[in-house]
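Worksheet: one structure, shown below.
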Amino acid sequence: MGLIHPRDLSAWQDWQDSRHRVRRVARRVRRTGAPSQFVLDLPREGSARVLVALDVTEGPKKQWLLEPLEDLPVAVLSEQPVPDVAAGERVSRAVSADDLNALLPDVGAVLSYGHYLAVGSAAHAFAERTGRAQLVLQHGLLTPYQPPLPPHAHALAWSAADADFWTLGRDDVTAQVVGSQLLAAAAVAPAAAASAEAPLTYLGQLHGAELPRRGLAHAAYGFCRDTGATYRPHPSETDRLSRSQHRVWERRGVTLDRSGTPLRMHPGPVAAAFSTGVLEAAARGVPAFVHYPDPPPWLEEFWARYDMRPWGGEPTPAPSTGTDPTAAIRAAVIDFSGRTSR
């Protein structure tokens, strides 16, 4: 099984919007008011060799794109100015997507998380019309509802299984394994006191579009009720419906973890429907499980691909993280930036 929408980005966006009313409204706005200007951040001296598309401008997802290239001459495209986006003397300017051709004559490759948001879309359109190499970095676990890769892209995947899954049904894309920066970081910072006797926590995913909200809520509440586990809301669970659900559960005796403590510091066992946090915990040596009653076939295949173990048996084994994902990403970008057919 591969992606539901292996090629058609518009079909994927329509599916994504159909899952949430707010997204449907936002999509209508995007269709009529896509950004006409971006911020392009460049080295003050010399020419950029790589263009990084930053749809996410803070947190680890920003770091994962920029860290492998920290001593390379990179240009960074974003919707808003990003302070200290890269090392060295920099200069920023407002640009349109059409300006990129003239401003980036020496860029050989684009690096992004894909072309499904505004900045990535502009960067990959530039690469497509000018023959630059296009690299897309995997930043989370892949479900069949993953957005498709851009045309002619090269995927930088966590594993061989992910590379095969991501590119299935495409004859215009390629992939290689670079490992996971997230899981590599988790593996080198093991939990100080991981214990099966520590408090059990269920990782919330009410925001997830891949499974029905009712099913996600049923799985979470049933697990917490039956095991006494604490429920840890996902950071995205701030909408009115989620907050209402939280209050109902608390009235029914479920404890919510509102501490805000980073998951990487949580020592006790965790469970979730399909959260990346399960593998992150397993990489740290924390017992980690999956739980979702009557899982659909795609979810069972997803669990198998990542060797995630259901609650009630042996915990999920520590995943392979790759020898040095940061170095592997850097090497791939340097290699592909010299292959462009400009």
Inset, instruction - Among the residues of region 132-147, count how many are of a type outside the set (D, E, K, R), crowded, with 23+ Cβ neighbours inside 10 Å and more than 12 Å from the chain's Cα centre (by Cα). - result: 3
Legend entry - Qualifying position, being closer than 24 Å to residue 213 by Cβ and not in a helix (DSSP H, G or I), among 319, 295: 295
Inset, instruction - Consider residue 202 carefully, then state whether it is within 30 Å of residue 241 (Cα to Cα), touching a residue at least 12 places away in the same chain (Cβ under 8 Å) and surrounded by fewer than 21 Cβ atoms within 10 Å (Cβ to Cβ). - result: no
Inset, instruction - Can you give me the ranges of the strands (runs of 3 or more DSSP E) entirely in region 30-106 with at least 2 residues that are surrounded by fewer than 21 Cβ atoms within 10 Å (Cβ to Cβ)? - result: 38-43, 90-95
Legend entry - One residue from 190, 150 being surrounded by 23 or more Cβ atoms within 10 Å (Cβ to Cβ) and in contact (Cβ under 8 Å) with a residue 24 or more places away in the chain: 150
Inset, instruction - Within region 297-311, track down each residue that is of a type outside the set (D, E, K, R) and without any contact (Cβ under 8 Å) to a residue 12 or more places away in the chain. - result: 304
Inset, instruction - Kindly establish whether residue 300 is outside any loop (DSSP other than H, G, I, E, B) and open to solvent by 40 Å² or more (accessible area, probe 1.4 Å). - result: yes
Legend entry - Tally of residues being open to solvent by less than 10 Å² (accessible area, probe 1.4 Å) and not polar (S, T, N, Q) across region 107-121: 8
Inset, instruction - Can you run down the residue pairs with Cβ atoms below 7 Å, 6 or more apart or on separate chains, where the first is in region 87-103 and farther than 15 Å from residue 132 by Cβ and the partner is among the charged types (D, E, K, R)? - result: 87/70; 89/44; 89/45; 90/41; 90/44; 91/44; 92/41
Inset, instruction - Looking for whichever is of a type outside the set (S, T, N, Q) and within 23 Å of the chain's Cα centre (by Cα) here; the options are 107, 119. Which one fits? - result: 119
Inset, instruction - Tell me which residues, restricted to region 246-260, are loosely packed, with under 14 Cβ neighbours inside 10 Å and part of a loop (DSSP other than H, G, I, E, B). - result: 252, 253, 258, 259, 260
Inset, instruction - Report whether or not residue 129 is part of a helix (DSSP H, G or I), among the basic types (Lys, Arg) and open to solvent by 10 Å² or more (accessible area, probe 1.4 Å). - result: yes
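The values are calculated or read from the model by the stated rules, or taken from the named source; none is laboratory data. Predicted, not measured: the structure shown is a model, and the values here were computed from it. Neighbour counts are summed over all protein chains in view; Cβ atoms, including those assigned to glycine, are modelled from backbone coordinates with ideal geometry. For accessibility, only protein heavy atoms count, side chains too; no ligands or nucleic acids. Shrake-Rupley method; radii C 1.70, N 1.55, O 1.52, S 1.80 Å.
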